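Here's the structure, in structure tokens; my notes come after.
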Amino acid sequence: MTSETSSTPPSTPPVEVNPPIQVRLKSEGGRLVLTLPPESEATDANASLALSWGEIWQQFKQQLDAKERFWQPATSVDLVVNDRLLDNRQLQAIGDALTEAQLQLKRVFTSRRQTAVAAATAGYSIEQQSPAPVTPLNQAQTEAGQAMDEPLYLQMTLRSGTEIRHSGTVVVLGDLNPGSSVIAEGDILVWGRLRGVAHAGCKGNARCLIMALQLEPTQIRIADVVARAPETPPAQYHPEVAYVAPQGNIRIARASDFVRQPAPEKTG
Amino acid sequence: MARIIVITSGKGGVGKTTCTANIGMALAKRRRKVAVIDADFGLRNLDLLLGLENRVVYTAVEVLSGQCRLEQALVKDKRFNNLVLLPAAQNRTKDAVTPDQMRQLVNALARVYEYILIDCPAGIEMGFQNAIAAAKEALIVTTPEIAAVRDADRVIGLLEANNVKRIHLIVNRLKPAMVAANDMMSVEDVQEILAVPLIGVVPDDERVIVSTNKGEPLVLSETPSMAGTAFDNIIRRLEGEKVPFQALSVPDDNFFSRLRKMLSKKVI
């Protein structure tokens, strides 16, 4: 029951190498760590990649909503802002939003004096250097053979314009609407309809998989292989798995058949 | 020398993107080398109307940040290979690019293509400033409504201030029957206010909606339609031909009035 995607891949398959520019919220040793993307990139050629405060705020709120179930009330939060400048108002906004989600902002890690002053005025404790467990993302990526991050579990509908980047596997409990995208270093599992763009194994791992209850993507990419959905949509959808075949193109198999197949890992 | 034309309106929902798609496609049909640019960052639609959504791999933002070359981001049309689309990023906002960067992109395209059509976002903020930065000419799209005409008037003023002097008017979604009954502004009324030369009148046509949803611009349709012919005439006028304006005073000849007539005959 293996069907090949109908379309030929575009001539230039993408290789995603840029560091994730994303607000991250993850738990570490009983605390939550909220990391804002670094600002330093804004100075070099990647100027247009730097996020504005508005975009950061939007991502932060989305992350907060998507993971609501995963923490106990009154969990303390460390905010890692690295070299990003935050003013009083912005810190206050973050603190308020966390309070609303029954979380407590406790510490702020920053390398900028101004941000430290603002945080001190607001009554948070300051750490002037990055904490050991939270290495800046772009630094971590230059090291070879880096282990992937823990899976990112999101309970949300990804609407048009939302982009999730994660250096690990991404699990979405919800739909990926057209115009949204998930870019993961590992696998992508969608417990819902996948109608946007999914890019698994974005660092080049062709053994990564994309699976969804209903796979009707705009585009799927695994490592550097691209495939489009067939022009005529199937009459019925089944849970499906997309993988890279030994021939080097993306194939789709029904989830129920996929487990019985010889593992595609052999293509290496 | 390439003609760089921005398609703008001020007000949203009057048909800028539909006009861009149809004019671009009609020019491509005439074997002109055409590049259409979606300048609506964050709310891109042009790829949908051209039916190229699932071919988008890179966007203008990636070109500007140096993650890919300009040629890699251009999406070739599946029907005419002399038409290309430069997609906008969906996951960013209008502030992700600057007028200077836009100028840089357009000028690079102008070396290769005869026509550069820029689909402008609604509004007069950053997105508008970006879209008009490199334009030499403008097509103003308006519907015969006071709100749309008012906004168009404002935009014409802004264009003139930005040294875009060659401005033409497209009156979109005209309902001849309503004009005849004096319930809608006529083309003359609109022209009287705006005082820019008219280049086309596109009648309201339900087939536009069908073609939009299919991603097949109306000018490609085998069966001629009033709106499709209007777009063909616009590009002929754009190329300097003298084409008389269609007589749009056939109010009783749409599907519904015919249906109504048929039904009333049978009932009575």
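Selection of segment A:246-264 for residues being in a loop (DSSP other than H, G, I, E, B) and either modelled with pLDDT of 90 or more or hydroxyl-bearing (Ser, Thr, Tyr) (or both) yields A:Pro246, A:Gln247, A:Gly248, A:Asn249.
Take the conditions (1) touching a residue at least 24 places away in the same chain (Cβ under 8 Å); (2) closer than 21 Å to B:Tyr58 by Cα; A:Gln155 misses just one of them, which is (2). For segment A:93-104, the set of residues classified as without any contact (Cβ under 8 Å) to a residue 60 or more places away in the chain and either in a strand (DSSP E or B) or hydroxyl-bearing (Ser, Thr, Tyr) (or both) consists of A:Thr99, A:Gln104, listed by residue number.
Just a yes or no: is a residue in segment B:47-58 polar (S, T, N, Q) and either within 14 Å of chain A (Cβ to nearest Cβ) or more than 13 Å from the chain's Cα centre (by Cα) (or both)?
Yes, segment B:47-58 has at least one match.
Residue-by-condition table, conditions (1) within 14 Å of another protein chain (Cβ to nearest Cβ); (2) out of contact with any Phe, Trp or Tyr (no Cβ under 7 Å at 6 or more places or on another chain); (3) within 30 Å of B:Tyr58 (Cα to Cα):
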site: B:Asp95; (1), (2), (3): yes, yes, yes
site: B:Pro121; (1), (2), (3): yes, no, yes
site: B:Ala133; (1), (2), (3): no, yes, yes
site: B:Thr143; (1), (2), (3): no, yes, no
site: B:Arg150; (1), (2), (3): no, yes, no
site: B:Glu160; (1), (2), (3): no, yes, no
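Does segment B:90-109 include one or more residues that are crowded, with 24+ Cβ neighbours inside 10 Å and either closer than 26 Å to A:Pro230 by Cα or aromatic (Phe, Trp, Tyr) (or both)? Taking every residue of segment B:90-109 in turn, at least one turns out to be crowded, with 24+ Cβ neighbours inside 10 Å and either closer than 26 Å to A:Pro230 by Cα or aromatic (Phe, Trp, Tyr) (or both). Residues in segment A:65-91 that are part of a helix (DSSP H, G or I) and at pLDDT 85 or above were compared, and the one that is surrounded by the most Cβ atoms within 10 Å (Cβ to Cβ) is A:Leu91.
Evaluate segment B:190-199: report whether one residue or more is in contact (Cβ under 8 Å) with a residue 24 or more places away in the chain, over 24 Å from B:Glu114 (Cβ atoms) and acidic (Asp, Glu). Working first, answer last.
At the first step, the residues of segment B:190-199 found to be in contact (Cβ under 8 Å) with a residue 24 or more places away in the chain are B:190, B:193-194, B:196-199.
With the extra rule that they be over 24 Å from B:Glu114 (Cβ atoms), the set shrinks to B:190, B:193-194.
Filter once more, keeping what is acidic (Asp, Glu): none.
Looking through segment B:190-199, none of the residues is in contact (Cβ under 8 Å) with a residue 24 or more places away in the chain, over 24 Å from B:Glu114 (Cβ atoms) and acidic (Asp, Glu).
The values are calculated or read from the model by the stated rules, or taken from the named source; none is laboratory data. Bear in mind that the values here come from a model prediction, so they are computed numbers and not experimental data. Quick reminder, even Gly has a Cβ in these numbers, built from the backbone with ideal geometry, and neighbours come from all protein chains shown.
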